[in-house]
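Just so it is clear, none of the values below were taken in a lab; they were calculated from the coordinates. What you see is a predicted model; the values in this text were computed from it and never measured. Quick reminder, even Gly has a Cβ in these numbers, built from the backbone with ideal geometry, and neighbours come from all protein chains shown.
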Protein chains: 2
Amino acid sequence: MDPKAAYDELTRRSREWSTLASCAALLSWDELTVMPTAASAFRGDQLGLLAGLEHERATDPKVGELLATVEGSDLVADPESPEAADVRELRRSFDRKTKLPRALVEELARVTSAAQHEWVAARKGRDFPRFLPWLDRIVALKRREAECVGAPGGDPYDALLDDYEPGASASRLSGLFDALKAELVPLVGQIASSETRPDPGVLRGNYPIDRQKMLGELVAASIGFDFDRGRLDTSAHPFCSGIAPGDCRITTRYRPDDFEESFFGVLHEVGHGLYEQGLDPDRFGTPMGESVSLGIHESQSRLWENLVGRGRAFWTHWFPIVRRLFREPLGAAEFDAFHRAVNRVEPSLIRTQADEVTYNLHIIIRFELERALLSGDLPPADLPGAWDESYRRDLGVVAPDVADGCLQDVHWSAGLFGYFPTYTLGNLYAAQLFDRASEELGDLDASIRQGDTTPLLRWLRDHVHRHARRHTPAALIRRATGSDPDHRPLIRSLKARYGPVYGLSGAEVPS
Amino acid sequence: MDPKAAYDELTRRSREWSTLASCAALLSWDELTVMPTAASAFRGDQLGLLAGLEHERATDPKVGELLATVEGSDLVADPESPEAADVRELRRSFDRKTKLPRALVEELARVTSAAQHEWVAARKGRDFPRFLPWLDRIVALKRREAECVGAPGGDPYDALLDDYEPGASASRLSGLFDALKAELVPLVGQIASSETRPDPGVLRGNYPIDRQKMLGELVAASIGFDFDRGRLDTSAHPFCSGIAPGDCRITTRYRPDDFEESFFGVLHEVGHGLYEQGLDPDRFGTPMGESVSLGIHESQSRLWENLVGRGRAFWTHWFPIVRRLFREPLGAAEFDAFHRAVNRVEPSLIRTQADEVTYNLHIIIRFELERALLSGDLPPADLPGAWDESYRRDLGVVAPDVADGCLQDVHWSAGLFGYFPTYTLGNLYAAQLFDRASEELGDLDASIRQGDTTPLLRWLRDHVHRHARRHTPAALIRRATGSDPDHRPLIRSLKARYGPVYGLSGAEVPS
């Protein structure tokens, strides 16, 4: 078979197993939004069957042969070509999948499925010892996974991280995160000791859910989410699923007495959705039609949620509209008070409720702890103590018990090690991208003030979305912004935005 | 392999290909209810892939070997046993599927897909000649299908009918339908010449959609539809899909100025849904967990829609409730006027809008015409003339053009020949079942008057639902009612219910 024919057959196969995955994605969306409760047991059978078929196809030895035929051929001589990117990424994923013994995959699936139930019970009972044996088993299994897929002699953490953020390494992350933390901890301290205390009261009150839904759809459509190619629904935990070409679905959740949760949730998921909708539908199911990493994905959600959505420019346009929709809580509210309220900072215990400034400290703590768990430096039994110690040191707060402490997140019980740092990478990337877009587009705030985010979206389409998996995440950032992944733009952005809110004297923007 | 092991492997396989079909059913439900418009092209790819995988598994030669191992063994010696029914029905379906050459299946899929688009255009343009070449091709293809799957020398119509109503034959249907028509035509004539003209005005007016939805859910739940195991949604054309164990979804459509369409649509689909929810979830994916035929399915929907839902007993309970919900149109309405309005009869052109009395004449006309098309007695080019002639003769109405005439239904363009008669079989079965249930349960009306349909549902569960495919449809009816399929119970029921509405002198109930 000649390389071109092999490449075509490869992408045809990739599209086929991705089509199976897209069916599963629709079933999962359905499960989380509208599925009748009694359907849940069988939904597992459906998803299990589809996952098995997908795995069977993606690990077919024939795929390896086709890859070998294309690799080294003229077709992929230019490493920047779509063909080269497709082949490079298909190889990565084929090797990873075929290196994992089926027995390990099945044991991981079985153990993490049971462990998630145990985690729910342990968290509810505030009972770490109940969860401990499961954590022990999962850490051991993840070490074996890392041994199977990682480079010989490499850091096991890197092998896991690579699944979510291709090309990233724990040692580079460590440098980046240390530098970030060195700036964040004093900034949080300054804010905590400021006399300014934004009042969130204005964000509580009578916020009828039907109007929140209307506003959510309006804002989503206004910043570019295409409802002919997507939906916005309700689920217990917000998510975005890029199910298939022309079919990207986001969700949020509503409380009738709270403005923030659904509104910023929608902005966040719309950011993910815009990325998905910016991928080339004609390349669906192949690397050049896919998002590149969790970190880059998160950069898109956080950019819209925080850098756009908490800014004065954004609210200059939206506050008058929002005030007309919710007259009871907002009729007499002042712009500045509202803007301060959506930008308040407070060291807290729960990651998912953390503000933009303290959020990354939650992540860095998890990154350090999970590295130590994997390397063996931290025995799982010592996790609660290490957790509390980190929180006390970095955030100045201590959880009353493990439910709000080391058992608060589902990730570890689900076997997700190496996943947390992508949240902070997303925040770093977002600040870098927003910075560069502002430089290139001139006064970005001026268009945002007029409710027009089209130039920004166009810039992101051009510099991020359309590149799909052509480059590694770090290379994509380098090409888009001219810099390596860097903590300074985020720190500058936080100081520039939160300094004025909290009247910080030392909040001059550093160069 | 011993017969028991072969049987277990057979049902495991059947469950597997049915699980693929259930994924496709969920994707189809999604397509018809909530899917974003731009997702439609790729949805075809997803469904095509799943259908191909299902077909591959269901026609695997290994299935034939397993069947041969079980057939004739002690395991299936008792023809009434679940094992015997499973094996008999799996054989039926395996033979049918493997007898059809792949080329014919693909050509049928291709031609009917194109023909449905042509049908839409031809109907819109009132242009029969545009549709004629497609009808020609489809009739020829369906003849070839009948040749492939039918008994040698048999009526080709029977071979197609058998796919929808196992064991039925055109000659038996013909006798049944002739007898039915001989009674219906004069009954419709009597009604048409009655001086009573029920006024539908009370059913038009301000019927807010949100309240119609609320009422639909309330009625559905009241008569036994389990919302933990199902949903009610909105779609352009109402349907019921028994997607998977614990997951049966029905739909309806709403008009803000009309009471009837959604209300009776919900009752109809709930009837289908109750049947699906009455099947054994543990036998999902095998014949003993499946509905037996379209005719029996339709008997369940029509029983609830018409025999329960248009009755005085039903409205004695529901009218006061409905009147409170819709005060503007119904506040001053009288029970009798309302009851007459939902039981009005009028010969009309369109099958889907036909009342309960004239409906079967629409079906019998189609049955006669499609038999003639298949046998060659009616050249497709002559269809419009033959259609108008039948309508003039049996219903006394003639369509102004083919859009409301022979192009009104999608069925033939979709290759559905032999499907129409199951609608009328459903009506006949429904009357027989309702009759027998009334005999066995004593005063069924008394409980329905109190809003309690539990005894009736329990009877249907016991005599119809739980038997799944254990018997042929005709045998099921015989066992449940003590009689073969018969037109007389329906005629008696129509005369007993519509005679009083129209003050018919000759409406004494015949024995």
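Among the listed pairs A:181/A:495; A:62/B:99; A:213/B:213; B:4/B:97; B:97/B:142; A:124/A:181, give every one whose C-alpha distance is greater than 22 Å.
In this structure, A:62/B:99; B:4/B:97; A:124/A:181 lie more than 22 Å apart at Cα.
Copy-to-copy spacing for residue B:237, label 7 Å out on the Cα-to-C-beta vector, in nm, shortest first?
4.0
With each pseudo-label sitting 7 Å past Cα toward Cβ, what's the residue A:116-residue B:352 distance in nm, one decimal?
Going from the residue A:116 label point to the residue B:352 one covers 4.0 nm.
Over all distinct alpha-carbon pairs, what is the Kirkwood Rh of region B:247-377 in angstrom?
Hydrodynamic radius (Kirkwood, Cα pairs) of region B:247-377 is 17.2 Å.
Could you give the size of the charge dipole of the protein assembly as shown about its Cα centre, using +1 on the Cβ of each K and R and -1 on the Cβ of each D and E, expressed in debye and rounded to the nearest 20?
1220 debye
So between residue B:475 and residue B:496, what do we pick up on full extension, going 0.36 nm a residue minus the alpha carbon distance?
That pair, residue B:475 and residue B:496, stretches by 4.9 nm at full extension.
If you line up the long axis of helix B:128-149 against the longest principal axis of chain B, both from Cα atoms, how many degrees apart are they, to the nearest 10?
Approximately 50 degrees, to the nearest ten.
Rank B:453, B:234, B:259 by how far each Cα sits towards the positive end of the charge dipole of chain B (+1 on Lys, Arg Cβ; -1 on Asp, Glu Cβ) and give me just the farthest.
Ranked along the dipole, the leading option is B:259.
Once the other residues with Cβ under 10 Å from the Cβ of residue A:84 are scored (Lys, Arg +1; Asp, Glu -1), what is the net sum?
-4
So how far, in whole Å, is the C-alpha centre of region A:434-473 from the one of region B:131-200?
Each part reduced to its Cα centre gives a spacing of 63 Å.
Please list, short to long, the whole-number percent of alpha-carbon pairs of region B:129-181 in consecutive 5 angstrom bins beginning at zero.
Calculated over all Cα pairs of region B:129-181, the distribution is 4, 19, 20, 19, 16, 14, 7, 0 percent.
Only four residue types carry charge here, +1 at the Cβ of Lys and Arg and -1 at the Cβ of Asp and Glu. Report the dipole size of region A:39-135 about the Cα centre in Debye, rounded to the nearest 20.
Here the size comes out at about 860 debye.
Taking a label point 7 Å from Cα toward Cβ, how far is residue A:148 from its twins in the other copies, in nm, shortest first?
4.3
Using only DSSP helix segments of four residues or longer, with each worth -39500 (n - 2.57), what per-residue ellipticity at 222 nm results for chain B after dividing by its residue count and rounding to 500?
-20000 deg cm²/dmol
Considering only DSSP beta bridges where both residues belong to region A:144-251, give the percentage that are antiparallel (nearest 5).
The answer is about 50 percent antiparallel.
Could you check the simple spin-label distance between residue A:174 and residue A:136, using points 7 Å along Cα→Cβ, in nm with one decimal?
2.7 nm
Round to the nearest 0.05 the FRET efficiency obtained for residue A:337 and residue A:40 when R0 = 41 Å and r is the Cβ-Cβ distance.
Approximately 0.40, to the nearest 0.05.
How many percent of Cα pairs in region A:310-360 exceed 14 Å?
Roughly 57 percent, rounded to a whole number.
What is the calculated FRET efficiency for residue A:321 to residue B:255, with r their C-beta to C-beta distance and R₀ = 41 Å, to the nearest 0.05?
Once rounded, the FRET efficiency stands at 0.80.
Compute, for region B:95-149, the length of the dipole vector about the Cα centre, with Cβ point charges of +1 (Lys, Arg) and -1 (Asp, Glu) only. Units Debye, rounded to 20.
My answer is approximately 120 debye.
Angle check, please: helix B:170-192 long axis (alpha carbons) against the longest principal axis of chain B (alpha carbons), in degrees 0 to 90, nearest 10.
Value to nearest ten degrees: 10.
Quick one: which residues, 5+ away or cross-chain, put their amide H under 5 Å from the amide H of residue A:280? H built at 1.01 Å from N.
Here nothing satisfies the definition.
Work from the charge dipole of chain A (Cβ charges, +1 for Lys and Arg, -1 for Asp and Glu, about the Cα centre) and give the residue of A:67, A:225, A:403 farthest towards its positive end.
Toward the positive end, the furthest listed residue is A:403.
Work out, in µm²/s and without decimals, the Stokes-Einstein translational diffusion coefficient of region A:1-99 at 20 °C, 1.002 mPa s, Rh from Kirkwood over C-alpha pairs.
Rounded to a whole number, D works out at 143 µm²/s.
What's the minimum Cβ distance from chain B to the axis relating it to A, in whole Å, and which residue gives it?
Reported as residue, whole Å: B:23, 3.
Work out how far the C-alpha atoms of the protein assembly as shown reach from end to end along every principal axis, then list the three figures in whole Å, largest first.
99, 70, 58
Work from the charge dipole of the protein assembly as shown (Cβ charges, +1 for Lys and Arg, -1 for Asp and Glu, about the Cα centre) and give the residue of B:345, A:116, A:284 farthest towards its positive end.
Working it through, the farthest residue towards the positive pole turns out to be B:345.
For residue B:328 and residue B:73 in one chain, what is 0.36 nm times their gap in residues minus the Cα-Cα distance, to one decimal in nm?
85.1 nm
One-quarter of the Cα convex hull surface for chain B, in nm²?
Over every viewing direction, the Cα hull of chain B projects on average to 23.7 nm².
Taking a point 7 Å out from Cα toward Cβ as the label site, list the nm distances between residue B:411 and the same residue in every other copy, smallest first.
5.9
How many nm separate the modelled label positions at residue B:484 and residue B:109, each set 7 Å beyond the Cα in the direction of the Cβ?
With each label placed 7 Å out from Cα toward Cβ, I get 4.0 nm.
On a 0 to 90° scale, report how tilted helix A:312-325 is relative to the longest principal axis of chain A, with both axes built from alpha carbons and the result rounded to the nearest 10.
Helix A:312-325 sits at roughly 80 degrees to that axis.
Calculate the FRET efficiency for residue A:144 and residue B:234 from the Cβ-Cβ distance with a Förster distance of 51 Å, rounded to the nearest 0.05.
FRET efficiency, residue A:144 to residue B:234: 0.55.
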